[in-house]
Structure formats: C-alpha cells, structure tokens
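Some notes on the structure that comes next.
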Amino acid sequence: MNNEKLEIEDLLLDKGFRNWASGIEDDEFQFWNLLKEEYPQFKKAMMQARYIVITAEEELPAIDEETNNKMLANLRQKLGWSHETVVRTLNSSKKQLYLKIAAVVALIIMFGVVAFEMGERNNAKMQAVSEVFVQKSTPKGAKLNFYLEDGTHIILNAESQIRFSSTYATDSNRNVYLEGEAYFEVAKDKKRPFTVFTDNLSTVALGTAFNINAHPEEDKVQIALVEGSVLVKNSKNESNVILAPGNKLLADKLNNDFIQEKFDVKEVTSWKDGIIFLDKTDFDESIQILERWYGVNITVSNKPKTLLTCSGEFENDNLDNVLKSLGFALKFDFEIKNKDVKLKFK
C-alpha cells in the first residue's frame with residue numbers, strides 16, 4: 001500500500017470520504033481516520049480533498065455549465081490531476097458534484113486563498129484550511145446526529161445550527177458555535193478543552209454531557225448539566241459559574257443575570273430520544289416546541305386570557321395524536337392542512 005496513490009478526484013466522488021470530510025460518522029468513518037493516521041503519504045491528498053468538500057457545502061451563485069467546465073480545467077491544472085476525461089464520462093449526479101467543486105475552487109482562486117499546490121513542500125502551512133468553518137444546520141421538523149473527529153457526540157435539535165473549524169481535530173482548543181439547541185457528549189481530552197459559544201456565553205468542558213438551548217428569539221439561554229462539570233462564562237460582565245450535575249443555568253440575555261436551579265433530566269433531554277415531554281409547560285412555549293418538532297406553522301384563535309399550560313409525554317407520535325390529546329384537555333379544535341395548522345378554542 002505504501003506505493004499506492006490517492007487521487008483527489010477519486011476521493012471527491014467517494015460518498016464515504018465526503019461524509020468523513022463533513023464530520024458525519026458512518027460505517028466507513030473510522031476507516032478514513034485510520035488511513036489518514038497510518039499512511040502519512042495519503043494525508044495531504046485527503047486534507048486537500050476535505051477542504052474542497054467543506055467549502056462546497058457553502059451556498060454559491062449559479063454558474064453556467066460552460067463556465068464551470070473552464071473552471072474545472074483550471075482546477076485540474078491547479079491541483080495536478082492526472083486523468084484527462086471527467087465530465088463527459090460521469091453520470092448526472094457525479095457531473096453536478098464536479099461542476100459545484102469546480103465553481104468552489106474557481107471562486108477560491110479568484111479571492112486568492114487557495115494554498116493547495118500539489119508541488120507544495122511537506123512543511124508548507126495550509127492557512128486557507130484554518131480559516132474555513134464547517135456548518136451543520138437543521139430545519140424545522142428535523143434533527144441531526146453526528147460525531148466530531150475526536151469522538152464528541154452531538155445531537156442537533158430542530159431549527160438549530162452549529163459550526164466549528166475545519167481543523168478542529170488538530171486545533172489547540174476545541175471550539176464550537178451554537179445557535180439553537182444541542183445535546184453534547186464530550187470526548188475527554190485534558191490538553192484540549194471543549195468550548196461551546198452561544199451569544200455572550202462560553203461553556204467550557206473537558207469530558208461531560210450537557211444540553212444547551214440558545215434559540216435567538218428566546219430571552220434566556222439554558223445550560224443543563226447531565227454529568228461531569230462545566231464552567232460557564234459571561235463575556236459581558238465577566239461573571240462565571242461552575243455547574244454540578246443535575247443543575248441547570250438560566251442566563252438572561254437582557255440583564256446578564258445567572259440563575260441556577262435543579263432540573264428534570266427527562267424534561268430537558270428527552271427530545272434527543274424522540275420524546276416530546278411537556279410538564280405544565282406554558283401554552284405558547286408548547287406551540288413553539290410543536291412547530292419546530294413537526295416543521296409546521298400553528299395559528300391560534302379564540303385563546304382564553306387565563307394561564308394555559310400543557311402536559312403530556314409523546315414518544316415518536318404524529319402531530320394529529322398530540323393535538324387530539326392536548327385539545328381534549330384544553331378544549332380546542334384543530335385543522336391540519338399540509339404545513340399549516342389552525343387551533344380554535346371552544
């Protein structure tokens with residue numbers, strides 16, 4: 001195997017490699033990790049191809065096929081690809097991938113940030129890679145379950161996004177940036193602390209499990225510690241708190257106050273196991289949870305002025321059953337049409 005060579009174009013067409021490059025764990029994930037570590041002669045091509053995959057995930061302007069083909073030729077020359085035929089022999093899906101990759105690299109070259117010459121010396125610094133972030137996001141009605149290269153497990157809730165450096169595996173600090181809600185099971189690494197940045201807060205952990213809810217439209221950020229310990233810092237007033245397992249921190253975005261209290265692990269983290277858990281939850285908050293969970297828009301009419309709360313536990317249940325249960329208790333009717341839901345109190 002020492003005499004074999006990995007071609008960048010072959011890597012880019014391999015689904016397992018693209019998943020590895022994006023940090024998505026599948027059956028081949030450990031194979032690619034092992035290949036990179038055990039065979040140094042392959043590492044450079046893998047990192048170059050990984051950079052292209054990561055950059056290709058970003059939104060790009062539409063470019064016609066003729067221009068894309070010219071970009072691809074430029075790309076092939078730039079990277080020293082040896083094969084002479086690509087686009088004409090590819091099937092439709094692979095062809096579109098190549099066109100997108102060509103457009104990505106052409107734009108990168110245009111702005112002068114490509115440092116990937118095949119003839120580079122082994123000690124050359126790939127500065128472009130360090131400037132690139134990988135972003136994972138979920139729309140309403142979806143969740144994402146994945147692993148980072150150090151083994152840290154992240155479950156991203158609906159309507160959330162997280163980003164981290166493309167060089168996360170080798171950075172001196174493991175930093176991620178969250179908007180929305182996520183559950184973290186952090187791999188232990190005493191030399192490299194793991195930090196989640198949300199608004200003005202940074203949550204630092206070495207090896208632990210915790211949940212963070214930091215949706216931008218909400219007034220508070222909630223950090224709930226399941227096991228281990230975390231240090232929460234507020235950059236606005238330089239205050240900090242060390243949480244103990246079973247405690248959660250409510251950080252007010254307006255006045256930067258910290259409030260600690262006990263929490264029910266099931267209530268806070270059941271979402272990651274496909275369970276909607278409502279325990280005297282404010283009605284408006286419950287509606288917001290259902291909208292994110294099922295990817296719908298809910299309008300409410302005839303709502304009484306009295307305080308309304310929702311309670312119930314729904315495991316992998318459909319929206320119709322959930323609303324039937326809540327409607328019976330709160331006395332409202334509902335109508336579901338595609339992604340639009342109307343609730344009317346009796």
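A short reminder: the numbers here are calculations on the coordinates, not readings from a lab. Note that the structure is a prediction, hence the values are computed from the model and not measured. All Cβ positions, even for glycine, are placed from backbone atoms using ideal geometry, and neighbour counts span all protein chains on display.
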| query | Once label points are set 7 Å from the Cα along Cα→Cβ at both residue 311 and residue 7, what is their separation, rounded to one decimal in nm? | reply | 6.6 nm
| request: Could you pull out every residue, at least 5 positions away or on a different chain, whose amide H is within less than 5 Å of the one on residue 239? Hs are placed 1.01 Å off N in the peptide plane, and Pro or chain starts have none. | output: 234
| said: For a quick check: with amide H placed at 1.01 Å from N, whose amide H comes under 5 Å from residue 181's, ignoring anything fewer than 5 positions away on the same chain? | reply: 157, 161, 214
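Show me the ranking of peptides 160-172, 247-259, 300-312 by mean Cβ neighbours inside 10 Å, starting with the highest. Can you show the working numbers first?
Values: 160-172: 17.4, 247-259: 15.7, 300-312: 12.2.
Descending mean neighbour count gives 160-172, 247-259, 300-312.
Hey, any idea what the orientation-averaged projected area of the convex hull of region 274-345's Cα atoms comes to, in nm²?
So the Cα hull casts an average projection of 4.2 nm².
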| task | Go ahead and collect, in residue order, the members of region 212-228 whose backbone nitrogen is under 11 Å from a label point 7 Å along the Cα-Cβ direction of residue 282. | result | 218-220
| query | Applying 1/(1 + (r/R0)^6) with R0 = 41 Å to the Cβ-Cβ distance of residue 254 and residue 30, what FRET efficiency is obtained, to the nearest 0.05? | reply | 0.35
| query | Out of residues 5 or more away from residue 207 or on other chains, whose amide H comes under 5 Å of its own, with H placed 1.01 Å from N in the peptide plane? | reply | 229
